[in-house]
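So the structure is just underneath, and the comments pick up after that.
The values are calculated or read from the model by the stated rules, or taken from the named source; none is laboratory data. Since we're looking at a predicted model, the values are computed, not measured. In this analysis, Cβ positions are derived from the backbone assuming ideal geometry, glycine residues included, and neighbour counts consider all displayed protein chains. For the accessible areas, the whole protein counts, side chains as well, though only heavy atoms, and no ligand, DNA or RNA atoms are used. Shrake-Rupley method; radii C 1.70, N 1.55, O 1.52, S 1.80 Å.
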Amino acid sequence: MLLSYFCHSIILIMISEIIIGNVCKKYPNGIEALKDVSLEISKGQFFTLLGPNGAGKSTLVRILTTLARKDSGHFLIAGLHPDPDYRKIQKLIGVASQDNEIDPAGTVENLLIFQARLFRIPVKDATQRAGVLIKLFELGNECRKKAGELSGGNKRRLHCALALVHKPQVLFLDEPTVGMDPLARANFWEIITQMNRAENVTVFLTTQYLEEADRYASNMALINEGKICYNGTIAGFKKMVNPDRALSLDDAYLKYIKTNHR
Ligand SMILES: Nc1ncnc2c1ncn2[C@@H]1O[C@H](COP(=O)(O)OP(=O)(O)O)[C@@H](O)[C@H]1O
Ligand SMILES: [Mg+2]
């Protein structure tokens, strides 16, 4: 019995990139942002966490990326526990978070090089990597501009480029495409889906653009007031909400929220 539990746990750790167990978080103002959150995301999965404003998405992202502390529960990223191994976790994850601070006085190119140097990438390789990312995110015309002078959409592109500097194996994207124009958005998703498919990079996305989640993600969880109320495939969610007729994720989500959370 004990042995089978042990084997099951080992297998889970081997195939799961992110394991979250019973995570709770209460802010000093008394708001319970996360209530007993448990999820598993397997290696190479494109996962999306959906939910209304204030549901707890960014709080969970901040905890998993070691930028905030949980009150209780546990989580593992690539089998690593954040307490002894938070630096190792930081090396293998990339984060484009909603509230990432960027030095407004740094130029796009210098910020990318600096970020690469933080990951101990040698100067020559750091400069080369910055060049690749500037090209990839079509920031060529902006590369000598200061971050503080960028438009909102270009700042988001820079956030995302900074998240990829060290070629992470897990990517956390917290509403990454807010403010991007349609072309920049399409280009962004091409980069991310290529990394997900060709390099098996695990993606943890939060977004309010449900057509993006519908198009690119395979699995989802729905969080409301800090509680997970659905966890499974996107196809399964649509079927659960409307068994008779195929709905878009947008329609299924609206129907679910209107029926269950009003
Ligand atoms: N630093 C903070 N201090 C106090 N309350 C916070 C803080 N950050 C978020 N909250 C609250 O926690 C809840 C979840 O917020 P958040 O995780 O940002 O939600 P989401 O990303 O889903 O919109 C909200 O009620 C929000 O007001
Ligand atoms: Mg948020």
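Partners of residue 135 within straight-line reach, counting lysines whose Cα lies under 22 Å from its Cα and excluding those fewer than 8 residues away in the same chain: 124, 145, 146, 155, 167.
Amide H contacts for residue 17 (H built 1.01 Å from N in the peptide plane; partners 5 or more residues away or on another chain; cut-off under 5 Å): 41, 42, 43. The C-alpha atoms of the chain define a longest principal axis, and helix 108-118 lies at about 70 degrees to it.
So for region 128-262: antiparallel DSSP bridges make up what percent, rounded to the nearest 5? Let's see the in-between values first.
On the way: 6 of 11 bridges.
Around 55 percent of the beta bridges assigned by DSSP in region 128-262 are antiparallel ones.
What shape does region 13-148 have by the C-alpha gyration tensor, where a ≥ b ≥ c are the square roots of the eigenvalues, rounded means a/c under 1.5, and otherwise prolate means a/b greater than b/c and oblate the rest? Cα axes put region 13-148 in the prolate bin. In order along region 122-133, the Karplus-derived 3J(HN,Hα) couplings, from 6.51 cos²θ - 1.76 cosθ + 1.60 at θ = phi - 60°, round to x, 3, 4, 5, 5, 5, 5, 5, 4, x, 4, 6 Hz, and Gly and Pro are given as x. Remark: region 252-261, residue by residue, has Karplus-estimated 3J(HN,Hα) of 5, 4, 4, 4, 5, 5, 5, 6, 9, 10 Hz, where x stands for each Gly or Pro and the curve is 6.51 cos²θ - 1.76 cosθ + 1.60 at θ = phi - 60°. Scanning residues 5 or more positions from residue 46 or on other chains, those with amide H under 5 Å from its amide H are 203, 218, 219, with H placed 1.01 Å from N in the peptide plane. What a 1.4 Å probe finds exposed on the chain is 53% carbon and sulfur by accessible area, rounded to a whole percent. Sequentially through region 54-68, phi angles give Karplus couplings (6.51, -1.76, 1.60; θ = phi - 60°) of x, 6, x, 4, 5, 4, 5, 4, 4, 5, 5, 9, 6, 8, 9 Hz, Gly and Pro residues having no value and appearing as x. Farthest towards the positive end of the charge dipole of the chain, among the residues 177, 81, 21, is the Cα of 81, using unit charges on the Cβ of Lys, Arg, Asp and Glu. About the centre of its Cα atoms, the chain shows a dipole size close to 280 debye [charges on the beta carbon of Lys, Arg (+1) and Asp, Glu (-1) only; nearest 20 debye]. Straight Cα distances below 29 angstrom link residue 239 to the lysines 35, 43, 57, 227, 255, 258, with same-chain residues fewer than 8 positions distant left out.
Heavy-atom accessible surface of the chain, averaged per residue, reaches 52 Å², computed with a 1.4 Å probe.
Between 45, 128, 115, the GNM of the chain built on Cα springs shorter than 10 angstrom shows 128 fluctuating the most.
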